[in-house]
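Take a look at the structure set out below.
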Amino acid sequence: MTQAARPDASRPAAARKAVVPVAGLGTRFLPATKAVPKELLPVVDKPALQYIVEEAVRAGLSELLMVTGRGKEAIAEHFDRQPELEAALEKKGDAARLSAVRHSSQLAQMHFVRQGDPQGLGHAVLQAASFVGDETFAVLLGDDLIDDRDRLLERMLDVQVGRGGSVVALLEVPRSEISKYGCASVEATSEDDVWSLTDLVEKPSADVAPSNLAVIGRYVLSPTIFDALRETGPGAGGEIQLTDGIRALIRRGEPVHGVVFRGRRYDTGDRLDYLKAIVRLAVERDDIGPDFRTWLDGFVAGGA
Ligand code: UTP
């Protein structure tokens, strides 16, 4: 190794583990999600969750833990080998679909833990404590899709390496919508897309919200979050909230930064956003995109 390539020991090592909570009940999507995990609902022809796993892998996170629960067994099946299906596709000479089926089982080194009862996102992240150990790690929510042309996670990992502590993803939302999110109270830094967090409030009403910066489903967290979560009691909705754990880190004086995301993001657990994700990604596809766009233009014009 040359002198120039030697890592700087005073800077934290980049995260290499990702935790993906997928144990939620998905009540906003009932009855579709009664037996099918919402994270496996297809966005065109790929489950929402696979886009998220691909994003983690692209960002260099090679070890991945899914926090699953009852009724979510199909998630492990999706990322496992399917020898009978593969043999059938091989026999038919369907190389493209064979490659697609194999791809999802070769994406990452994947681990699974069960949450037991879905007692909130903070509780889900706590189940990852022994997998994560004493390392900085990323959390990607299993229903929060970031367009793969917009690099958010990579930027967050860079900011964490440069500044230490923890990093959350922030989205500027209309004030009328802030009550659906965790909301950050912030101070400026030397970089225009990076804020230093001074507080975090879960789902505030518009008139008391400290900003219009909403926390969305990507986090790079210090392992100190586990102690903070263990000390955090149930918050909004009787659930152990991840935002309350992060707020405890801020109150202990640990640095927490926010990276503002200005790209395309879809909450696939929300029916309207889910439909937008499908339309947006479908019109841009090389195979079905041109025909779909022609139909859509006619539909919007009232002709279809
Ligand atoms: P959501 O709050 O969007 O999931 O959590 P939910 O509770 O399933 O949704 P609704 O409101 O009932 O429709 C974001 C992510 O965190 C996971 C979910 O599976 C989702 O991917 N989650 C949430 C857990 O793993 N455990 C929990 O206790 C809560």
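Figures for the structure shown
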read-out: Selected residue (criterion: farthest from SER222 (Cα to Cα)) from residues of the stretch 132-181 that are buried (at least 18 other Cβ atoms within 10 Å of the Cβ) and among the hydroxyl-bearing types (Ser, Thr, Tyr); value: TYR181
read-out: Contacts under 9 angstrom Cβ, first residue in the stretch 118-131 being within 12 Å of LEU25 (Cα to Cα), partner more than 10 Å from the ligand (Cβ to nearest atom) and hydroxyl-bearing (Ser, Thr, Tyr), 6 or more apart; value: LEU121/THR243
read-out: Which listed residue is more than 13 Å from the ligand (Cβ to nearest atom), in contact with a His (Cβ under 7 Å, 6 or more places away or on another chain) and either at negative phi or modelled with pLDDT under 95 (or both), from LEU197, LEU221, LEU249; value: LEU197
read-out: Members of the stretch 230-275 that are outside any loop (DSSP other than H, G, I, E, B), acidic (Asp, Glu) and free of Cβ contacts under 8 Å to residues at least 24 places away in the same chain; value: ASP273
read-out: Residue list for the stretch 13-46, filter: of a type outside the set (A, V, I, L, M, F, W, C), more than 9 Å from the ligand (Cβ to nearest atom) and either in a strand (DSSP E or B) or on the phi > 0 side of the Ramachandran plot (or both); value: LYS17, PRO42, LYS46
read-out: Residue in the stretch 128-136 that is touching a Phe, Trp or Tyr at 6+ places or on another chain (Cβ under 8 Å) and within 14 Å of the ligand (Cβ to nearest atom) present; value: yes
read-out: Tally of residues being within 16 Å of the ligand (Cβ to nearest atom) and either in contact with a Cys (Cβ under 6 Å, 6 or more places away or on another chain) or among the aliphatic types (A, V, I, L, M) (or both) across the stretch 47-76; value: 12
read-out: Count - residues of the stretch 125-143 that are at pLDDT 95 or above and within 13 Å of the chain's Cα centre (by Cα); value: 6
read-out: Residue within the stretch 274-295 that is within 16 Å of the ligand (Cβ to nearest atom), over 18 Å from ALA169 (Cβ atoms) and modelled with pLDDT of 95 or more present; value: yes
read-out: Number of the exception - VAL161 against (1) more than 20 Å from ARG252 (Cβ to Cβ); (2) touching a His at 6+ places or on another chain (Cβ under 9 Å); value: (2)
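Per-residue answers, yes or no, for (1) under 16 Å from the mean Cα position of the chain (by Cα); (2) modelled with pLDDT under 95:
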site	(1), (2)
MET1	no, yes
ARG6	no, yes
ALA9	no, yes
PRO12	no, yes
LEU65	yes, no
ALA74	no, no
GLN82	no, yes
SER104	no, yes
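The values are calculated or read from the model by the stated rules, or taken from the named source; none is laboratory data. All of these numbers come straight from a predicted model, not from anything done at the bench. When we count neighbours, we look across all protein chains shown, and the Cβ atoms used for this are built from the backbone with ideal geometry, even at glycine.
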